[in-house]
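Novice: I am attaching a structure below and will ask some questions about it afterwards.
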Amino acid sequence: MQFRDIFAVKNLLFVSIFAIATSSFAQSEKDVIKRAHDDVLNKKYETAYNLLDSFDSRNDNPDIALLKENIALDFYIETYNHQKFAFKDLNNNEKIKDYRGKTSNLKMHVFKINKVLDSLIKIYPDNHFLYKGLGDYYYEVRLKYGNDWLVSEKELINLVEENYKTALGDKIGDFETNYRLGLTYEIDNKYQAGIPYFIKSIQINDSSADAHYNLAYAFLNVNDTNNALRHSLLAAKLYQDSSEKGDATRMAGVLFAQMGKQKKAIEFMELSNRIAPNNYNTLKILVDMYLKVDNRKKEREVTLEFYKLGFEKPTIYNDLIDIYTTNKQQKTLISFFQSQIKPANDNMVQLGSLYFSIGKLYTDTDKNLAIENLTKAAQVFSTVYKPENPVFKLIYDMMKSLK
């Protein structure tokens, strides 16, 4: 949720670079850029890259190099370490994602963007577009490769921060640079450092749901609950996608709970569940909220919804045990698990998990019932798991501690 795809913004960036670059070029250069721009709009990506590369094959021209970078990062079909790129001219009804990841015999263009832009910066140290280009490059590399690139992910994050900050200088700058710098700080857990850049991005484009959401998340992490709530509500209003709208609404619910406004918190959490049903985190939080206000009917209903998300998954059982234990409602959960034994039918993994969880819940109150249920769990699991499965050691160690 926090790391949204801003592909559309990058397309706008291409247009804005085009507009800035052409103002100072000779007519022949203007023509080349216009033709390349038209080719991109017509999905002729290989043609556009070849046109620019033939015009400036040595990458001596900053504006041409930046346009090539934009094509390379946005419209590649294949890439190797973001040091080589392959493109393809597409028909209007074709999409790049239809070809990515598939074997092909496309020509690979060597284009080491970081080396090219580093060299140009030495010649044009005051060209802030070059620093932005480097920031864009390292940002995309980090997203795609993480720790599996030529340098560590930590170093990539530092390079993004360094180049974007230089690109911005003392100016407000553009939406994308501010937003991405704020997001990079957030990824690096430097929430306070990222807040001013999110705020600047919103000053430029206050209709960006992602910017409001991530600013809310940053405020949440520095315990500025009021501002976090304000921006989470704005994000929820702006998002069109149900999953994203549900996420923002859930954040608002969590924040209302932190403020002690339990009724409002439940209202927004229920709204989140209606907008984006069956979300793991939403249902998990709702179980806890209903337990806290002693709404047994809704607690039971939502516990069942949550349980059905994956009744063979240990995390479901562990999370329910944690929630009910924290609320001192172990007996209530035991009763729920027991009610699910018969519906489990012949699902041995589900049945074994139920007996194991019931046994675990009894360990502090009734050792005999704990051992009885853990024994049943081992017997059931033995029908589906081999003896070396770690679940048996876990069960036997638990039973040993009870004797």
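Novice: Return a yes/no flag: does region 61-75 have any residue that is open to solvent by 30 Å² or more (accessible area, probe 1.4 Å) and in contact with a strand residue (DSSP E or B) (Cβ under 6 Å, 6 or more places away or on another chain).
Specialist: no
Novice: How about region 286-301: which of its residues are open to solvent by 10 Å² or more (accessible area, probe 1.4 Å) and more than 15 Å from Thr325 (Cα to Cα)?
Specialist: Val293, Asn295, Arg296, Lys297, Lys298, Arg300, Glu301
Novice: Whether any residue in region 80-100 is on the phi > 0 side of the Ramachandran plot, open to solvent by 70 Å² or more (accessible area, probe 1.4 Å) and not acidic (Asp, Glu) is what I want to check. Step through it out loud before you land on a result.
Specialist: Kept after step one, since they are on the phi > 0 side of the Ramachandran plot, are these residues of region 80-100: 81-82.
Pick out the ones that are also open to solvent by 70 Å² or more (accessible area, probe 1.4 Å) and you get none.
No, that holds for no residue.
Novice: Let me ask something additional. Is it fair to say Ser232 is under 30 Å from Pro277 (Cα atoms), under 19 Å from the mean Cα position of the chain (by Cα) and open to solvent by 50 Å² or more (accessible area, probe 1.4 Å)?
Specialist: No; evaluated as a whole, the condition is false for this residue.
Novice: Quick check: is even one residue across region 144-164 open to solvent by less than 90 Å² (accessible area, probe 1.4 Å), part of a helix (DSSP H, G or I) and within 21 Å of Val40 (Cβ to Cβ)?
Specialist: no
Novice: If we keep just the residues of region 195-217 that are hydroxyl-bearing (Ser, Thr, Tyr) and not in a loop (DSSP other than H, G, I, E, B), which is surrounded by the fewest Cβ atoms within 10 Å (Cβ to Cβ)?
Specialist: Initially, region 195-217 is screened for residues hydroxyl-bearing (Ser, Thr, Tyr), giving 197, 201, 207-208, 213, 217.
Among the residues that remain, those that are also not in a loop (DSSP other than H, G, I, E, B) are: 197, 201, 213, 217.
On the way: Tyr197: 27, Ser201: 28, Tyr213: 25, Tyr217: 23.
For region 195-217, the residue satisfying everything is Tyr217.
Novice: Between a first residue in region 69-90 that is within 15 Å of Tyr138 (Cα to Cα) and a second residue that is crowded, with 16+ Cβ neighbours inside 10 Å and of a type in the set (Asp, Glu), which pairs have beta carbons less than 6 Å apart while being 6 or more apart in sequence or on different chains?
Specialist: Between residues of region 69-90 that are within 15 Å of Tyr138 (Cα to Cα) and residues that are crowded, with 16+ Cβ neighbours inside 10 Å and of a type in the set (Asp, Glu), the close pairs are Leu73/Glu140.
Novice: In addition: Considering each of Glu312, Glu305, Glu372, Glu299 in turn, give the residue that is more than 26 Å from Val391 (Cα to Cα) and touching a helix residue (DSSP H, G or I) at 6+ places or on another chain (Cβ under 9 Å).
Specialist: Checking each option against the conditions leaves just Glu299.
Novice: Okay, next question. For region 19-137, please list each of the helices (runs of 4 or more DSSP H) lying entirely inside it that holds at least 2 residues being polar (S, T, N, Q) and modelled with pLDDT of 95 or more. Quick ask: steps written out before the conclusion?
Specialist: Values: elements: 27-41, 45-55, 62-75, 113-123.
Filter on region 19-137 gives 45-55, 113-123.
Novice: Going through Leu283, Leu304, Leu333 one at a time, which residue ends up being within 19 Å of Phe356 (Cα to Cα), open to solvent by less than 30 Å² (accessible area, probe 1.4 Å) and not in a loop (DSSP other than H, G, I, E, B)?
Specialist: Answer to the check: Leu333.
Novice: Looking at the structure I just gave you, is Thr249 among the β-branched types (Val, Ile, Thr) and under 25 Å from the mean Cα position of the chain (by Cα)?
Specialist: Details: among the β-branched types (Val, Ile, Thr): yes; under 25 Å from the mean Cα position of the chain (by Cα): yes.
Yes: the conditions hold for Thr249.
Novice: Taking region 354-403, which residues are of a type in the set (Gly, Ala, Ser) and touching a residue at least 40 places away in the same chain (Cβ under 8 Å)?
Specialist: Ser357
The values are calculated or read from the model by the stated rules, or taken from the named source; none is laboratory data. What you are looking at is a predicted structure, and each value in this text was computed from that prediction instead of being measured. Glycine also receives a Cβ, built like all others from the backbone with ideal geometry; neighbour counts cover every protein chain displayed. SASA here: full protein model, heavy atoms, side chains in, ligands and nucleic acids out. Shrake-Rupley method; radii C 1.70, N 1.55, O 1.52, S 1.80 Å.
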